[in-house]
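Data first, discussion second: the structure below is written as structure tokens.
We did not get these values from a lab; they are worked out from the coordinates using the rules stated. No experiment lies behind these values; they were computed from the predicted model shown. We place every Cβ from the backbone using ideal geometry, glycine too, and count neighbours over all the protein chains shown.
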Amino acid sequence: MRAVSGIVRKRRVKKILRMAKGYYGSHSTQMKQAKEAVIRALKYSYRDRRQKKRMMRRLWSLRINAAARPLGLSYSRLINGMKKANILVNRKVLSNLAIYDINAFAAIVEVAKKALV
């Protein structure tokens, strides 16, 4: 008797089509198009999970720079002054301080300025 991949193939097809649910046209109904679309989507999602981290760090740096310049320091000098003053605040927290608590951010900038001199 010949071995056929009945239930195994059905499970594999169902798995791919479930992942392709919501895709446009035949990309959500036909196995070949759905498989290609799912593979591409998984590849992009893997890549973009890493890019998201880079983009957020760039955004935080931009926000810190924009908030520090009116207070008389550039981003690089602020970070350098913070290191010299031994202030261990990461960029995410510093960015949130610059947005939501400008007084605390200004205090950090002043400490960093004193450490630079």
TODO: Test residue 46 against the criterion of being within 14 Å of residue 105 (Cα to Cα) and not small (Gly, Ala, Ser), and give yes or no.
DONE: no
Task: Check on residue 18, farther than 29 Å from residue 115 by Cα and either among the polar types (S, T, N, Q) or assigned to a helix (DSSP H, G or I) (or both) - done: yes
- [ ] Please find, among 112, 98, 68, the residue that is touching a residue at least 12 places away in the same chain (Cβ under 8 Å) and in contact with a Gly (Cβ under 6 Å, 6 or more places away or on another chain).
- [x] 112
Open item on the list: Please go through region 21-34 and give me each residue that is closer than 16 Å to residue 9 by Cβ and either not small (Gly, Ala, Ser) or not in a helix (DSSP H, G or I) (or both), ordered by number.
Closed with: 30, 31, 32
Open item on the list: Out of everything in region 82-117 that is under 28 Å from the mean Cα position of the chain (by Cα) and part of a loop (DSSP other than H, G, I, E, B), what residue ends up being farthest from residue 62 (Cα to Cα)?
Closed with: 86
- [ ] Six or more apart or on different chains, Cβ under 7 Å: which pairs go from a residue in region 1-20 that's among the small types (Gly, Ala, Ser) to one that's surrounded by 11 or more Cβ atoms within 10 Å (Cβ to Cβ)? Could you list them?
- [x] 20/27; 20/28; 20/34; 20/37; 20/38
Task: Subset tally (residues that are in contact with a helix residue (DSSP H, G or I) (Cβ under 6 Å, 6 or more places away or on another chain) and of a type in the set (Val, Ile, Thr)) for region 75-90 - done: 0
Open item on the list: One residue is enough: does region 69-92 have a residue meeting the conditions in contact with an Asp or Glu (Cβ under 9 Å, 6 or more places away or on another chain) and either surrounded by 15 or more Cβ atoms within 10 Å (Cβ to Cβ) or of a type outside the set (D, E, K, R) (or both)?
Closed with: yes
Open item on the list: Please count how many residues of region 1-20 are surrounded by 10 or more Cβ atoms within 10 Å (Cβ to Cβ) and either basic (Lys, Arg) or within 30 Å of residue 94 (Cβ to Cβ) (or both).
Closed with: 7
